[in-house]
Amino acid sequence: MSTRPSYARLLPCLLVLSLLLPITALAASAGGSWEDPAGFLGRTLRFLSLRDPAVRFAVAGAALLGISCGLLGTFLVVRKLALVGDAVSHAVLPGVAAGFLWSQTKSPVAIFVGAVLAGLLGTLTVGWIRRTTRLKEDAALGLVLAGFYAVGICLVTMIQRLPTGNKSGIDKFLFGQAAAIGSGDLALMGVVTVLSILATTLAYKELLISSFDAAFARAIGLPVRLLHEALMLLLAFTIVSALQAVGVVLVSAMLITPAATAYLLTNRLHRMLILAAGLGLITGITGCFLSFLGNNLPTGPLIVVSATFLFGLAFLFSPQQGVVVRWARRRARRHRVARENTLKTLYHVLESRSFHGDDVSLGELAQRRRETLEDAAREAQALVRHRLARLHPDGQSLILTEAGRQRASELVRNHRLWELYLTHAADISADHVHEDAEKIEHVLGEEVVRKLELRLNYADTDPHGRRIPVPRAASRPNPEPGASRDPLPPAAP
Amino acid sequence: MSSLVPDFDVQRVLVTPWTSDATMNGWIVLMGFLVATTCGWVGQYLLLRRMALMGDALSHSILPGLAGAFLIASFLNPGTADGAGNARGATVMYLGALAAALVTTLLIHWLHTASRVKQDAAIGIVFSGLFALGVILITVFADQVDLDADCVLYGEIGTVGFTDYFQLSGRDVAPLPVARMAIVALLTFAWIQLFYKELLVSSFDPGLASSLGIRANWVHGVLMLWLSVVIVSAFESVGAILVVAMLIVPGATASLLSTSLPRIFSLIVLHAAISSLFGLHLALWLDCSIAGAMVVTGCGLFVLAWLSHVIRVRRARHASLPQDAPPGTLASPSVTPNPP
Amino acid sequence: MTPAPPPAPPLEIHDLTVAYDRRPVLWGIDVVVPAGKLVGIIGPNGAGKSTLIKVCMGLVPPASGWVKLFGDPLERAHRRVGYVPQRESVDWDFPVNVMDVVLMGRYGKLGWFRRPRREDREAARASLDKVGMLPYANRQIANLSGGQQQRVFLARALAQDSDLYFMDEPFAGVDAATEAAIITLLHELRDRGKTILVVHHDLPTARNYFDLLMLINMRLVGFGPTDQMFTTELLQKTYGGRLTILSEVAEAVREKGYP
């Protein structure tokens, strides 16, 4: 348990490393610079030196966006509002068009104001639909997303007909163009990023409590609704400032994916915020880098693909949540149970001949366990590998080691204690308790065993009249790594 | 500003479309109607299952499926798969879309069952990641893939080729896209008729469905696959994002007006008819995207239904809860506490 | 620490009617709860027990009538009122640990933008210790049993250090040891002059747990000392079939929009 936090801290670095290598190679080969390693290296150096102004602007923009999207996205993910970002990013389109119409130029300020107003109107409309009709959250989001977007499309096609409209480049808002980020856009992103950092640090505890337990937050007098609207306003800011770089369609990924990755890696909200912002930053820069390498690849999709790749890694290999990690843990547990069952059989064989002699032949083992000799040999090998038993020089019989003997008698004791407990305390008849004890014997910790013994007055025979062994408690070497760490916590008192 | 909204010229907006351009506009309205009806029917089940945004997800994640399918097709026999116009193109498109739908559905399901990521976040991650992948594929392999991300996203009903006709025993019956959409619509209708009760039960109560021997997972899978077929048939005329509107708006409008499922399905047809007809005229008047205008008209119908719903609720609430206490027979005698 | 006994009662409800989606769920509740009592709110499923305390906490708007806490409307009494919601009402996968949740109890007193200080942490630790959860302070909340989760919620309420508590089904789904620990704690709080209202649905244990009982079945059936409430007649009225007429009428109100 104590080694986990440092592992968790190391993980992001590992993830980034493992991300950079394959994707760099892929993008480089796609961009055609793979055959020319000097060119590849040269381009990398040129990117890292940030000599091109376009690269400087793109990297700065993507980094700022990564931070602000990561911070806000964290709250979207923990509040189960992940798709609100998607809805708002589509809903700003009519605002963008209206802002353009109003100023008749591609003025960032007018477009910003228009888009923020449209986004805010969108989130408010979702709220209104939810409160006044029976329609569910998903339907309300979809209605706003598609309805606003349709109005936007109509406006955009109307604008393109205007004499000024052709040069508007308004369609760039769909996919974004990181290379075209100007200093005005950058200033906007800077302001938005500072705002989101300030909001999440200053109002951290208010946001935390209203996200975790809205009823409690209202009960202690917090304006939960107002906080929600403020968060949505900030979200609209962020989305609008991101449009130039990644476009309407992909901004929702920048919000959700790094935050969801962080959600898989940590159990505390403040760490999740920092991690999400960090992942956003890293994927933003990675996306820019890949786009720079592979000449004309668009930046937005590359950022999103890097973020999704990182998410995939976290999903598979996160120390606590990872699918592969959990699969490996389950497999290790299954193997341990199998070994322990073999140990128990060895004990039973020894017991049946009143502990005369130490060695049990593989044939005896196979017969007891009703299996083939090959299976028995494999199980014997597993025991030998874990130093629970050693093979007799002739290779045909097993001798328990000290540790093996210890663990075997513990298991048998656990089994019989549990059977006794079930028949005594739970009034279950003696012929029904075996199956249950077969499972419980592997998970009983010493502490619970002490309690059971006390409860059963240190009885020495089980319901079937067999003796309950007493392992030497004084010398309790760890029978094998992981065996004493129970997969289940001891049952609550 | 005045140049943005053209004058309302009755001749241009209302008369000419049905005199000199009647055939073309007729096909456009029919196409819009078929798309809206089919999407609305399938979308109604999404609404019932509270997964309206799966439509959004699928409509985006189909892009890499299409790109991949075209790529493979051009790889297998170079120079023949040129776009969506011919029959081979259509087959390739449908196969790619089905594969994309399958992958999306399975990935989303896997993400939110095998980790603590919630379903909405899983949807967002999967579709945006796949979409980004699709855009990259199209850019990198621009020569082999005759597909444009803009065209997938936007689509425009006015530019759908209404020139190739579907022929039956030597006579022109309908333009190919319309004929294809009509077949999808008919299949959807038949499918809903055949599996009405299975769809209903598994949408309403998956637990009950499985106790009745209906495999809820299978129903879900089939629904998703069919959804992808409908989206692919629709997206060249309305674009991926407006498909979402066609999926949700008719059903949402109808369920504000009625609570009975059969009536909702007929209201969806009505909604589709009104929005495609009026949408065409709106687009002719404003000279803007026809598909966009159809959706805007549909949304206008939704707002009307919403307002009438709100007014009805408000009136009923006003009548039902007078400010004074409920009738005396029901009021309780207040008991004052005796401190023990 | 505790101010002099206030002249106003901790909770006063006057002629309160509540409706969800036009359907009335509580009719004409009139009640005055005296200070320093442990009050059980008892009634069958759907009787409006949780709704009653949600109205008191301002989480559900009343259709008519009013609620006063310590003689003030809720907005001015927030800091003197603690709340333990139902356990299912939150997402237990949320990225917080036990300590974070208990510290939330201090947020109301801290005010905007201020971070929890050392004494808040001390108070939170003390509350955790009281419910026997101090060893679990750094656990993620998803890794707790039902009883432990309930104890954490209770510790959060203790950290609030309020004079009046509302608890929504604190005994639902907890093990016997936790139930006993909670009731001991509630008695201790009561002895320190706090007023506690507990929604409870187990009739047999109610008799031993509470000083006063509030019997509710869409209306107030009775309110008074526990032994006086345990009469066949009152219990029949609370749980008996005759009252279904009230819910029928409520349904009619919803459908026809007319009382």
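Couple of notes before you dig in:
- The charge dipole of segment C:11-256, taken about its Cα centre with unit charges on the Cβ of Lys, Arg, Asp and Glu (plus for the first two, minus for the last two), comes to roughly 640 debye.
- Neighbouring partner chain Cβ atoms per residue of A:417-429, average, 10 Å criterion: 0
- By the beta-carbon count within 10 Å of each Cβ, the least crowded to most crowded order of B:Tyr94, C:Tyr107, fewest first, is B:Tyr94, C:Tyr107.
- Cα gyration tensor category, rounded, prolate or oblate, for segment A:221-291 with a/c compared to 1.5: oblate
- Distant-in-sequence amide H partners of C:Gly40 (H built 1.01 Å from N, under 5 Å): C:Val198, C:Asp211, C:Leu212, C:Leu213, C:Met214
- Order of A:His464, B:His112 under a 10 Å beta carbon neighbour criterion, fewest first: A:His464, B:His112
- The HN-Hα couplings worked out from phi for segment C:8-19 by the Karplus form 6.51 cos²θ - 1.76 cosθ + 1.60 (θ = phi - 60°) are 7, x, x, 9, 10, 10, 10, 6, 8, 10, 10, 9 Hz, whole numbers, x standing for Gly and Pro.
- Exceeding the 27 Å Cα-Cα cut-off - candidates A:Lys80/C:Lys130; C:Lys49/C:Lys237; A:Lys344/A:Lys451; A:Lys451/C:Lys130; C:Lys68/C:Lys109: A:Lys80/C:Lys130
- Nearest-ten-degree value, helix C:176-191 long axis tilted from longest Cα axis of chain C: 90
- Euclidean distance between Cα centres, segment B:89-140 to segment A:111-152, Å: 25
- Whole-Hz ³J(HN,Hα) from phi, Karplus 6.51 cos²θ - 1.76 cosθ + 1.60, for segment A:446-459, glycine and proline x: 4, 4, 5, 4, 4, 5, 4, 4, 4, 4, 9, 6, 6, 4
- For chain C, modelled as a GNM whose springs connect Cα atoms under 10 angstrom apart, the maximal fluctuation among C:Ala142, C:Ala159, C:Ala35 occurs at C:Ala142.
- Alpha carbon centroid spacing (whole Å) that separates segment B:211-239 from segment A:261-334: 30
- Contact order normalised by residue count of segment C:11-256, Cα under 8 Å, 6+ apart, percent: 29
- Each residue of segment B:19-32 was assigned a 3J(HN,Hα) from its phi angle through the Karplus curve 6.51 cos²θ - 1.76 cosθ + 1.60 (θ = phi - 60°); the sequence is 10, 7, 9, 4, 4, 4, 5, x, 5, 4, 5, 5, 4, x Hz, with glycine and proline shown as x.
- FRET efficiency for the A:Ser49 to A:Glu229 pair, using the beta carbon distance and R₀ = 60 Å, is estimated at 0.85.
- In terms of other Cβ atoms within 10 Å, A:Leu235, B:Leu212 run from fewest to most in the order B:Leu212, A:Leu235.
- Three-way shape call for segment A:67-165 based on the alpha-carbon gyration tensor, with the a/c threshold at 1.5: oblate
- Annotation note: trypsin sites (Lys or Arg not before Pro) in segment A:284-373 located in DSSP loop regions with a Cβ neighbour count of at most 11 within 10 Å are A:Arg353, A:Arg370.
- Note on A:81-94: average number of Cβ atoms from other chains within 10 Å of each residue's Cβ is 3.
- Summing Lys and Arg as +1 and Asp and Glu as -1 over all other residues whose Cβ lies under 15 Å from the Cβ of C:Gly193 gives a net charge of 0.
- A cut-off under 15 angstrom between Cβ atoms defines the neighbours of B:Val201, and their net charge, with Lys, Arg +1 and Asp, Glu -1, is +1.
- Tensor-based shape of segment B:10-319 (alpha-carbon gyration tensor, a/c under 1.5 rounded, otherwise prolate or oblate): oblate
- Label sites at C:Asn138 and B:Ala190, each approximated as a point 7 angstrom past Cα along Cα to Cβ, lie 6.5 nm apart.
Any read-out appearing in this document is the output of simple, stated calculations on the displayed coordinates, not a laboratory observation. Predicted model only: the values in this text are computed from it and were never measured. We place every Cβ from the backbone using ideal geometry, glycine too, and count neighbours over all the protein chains shown.
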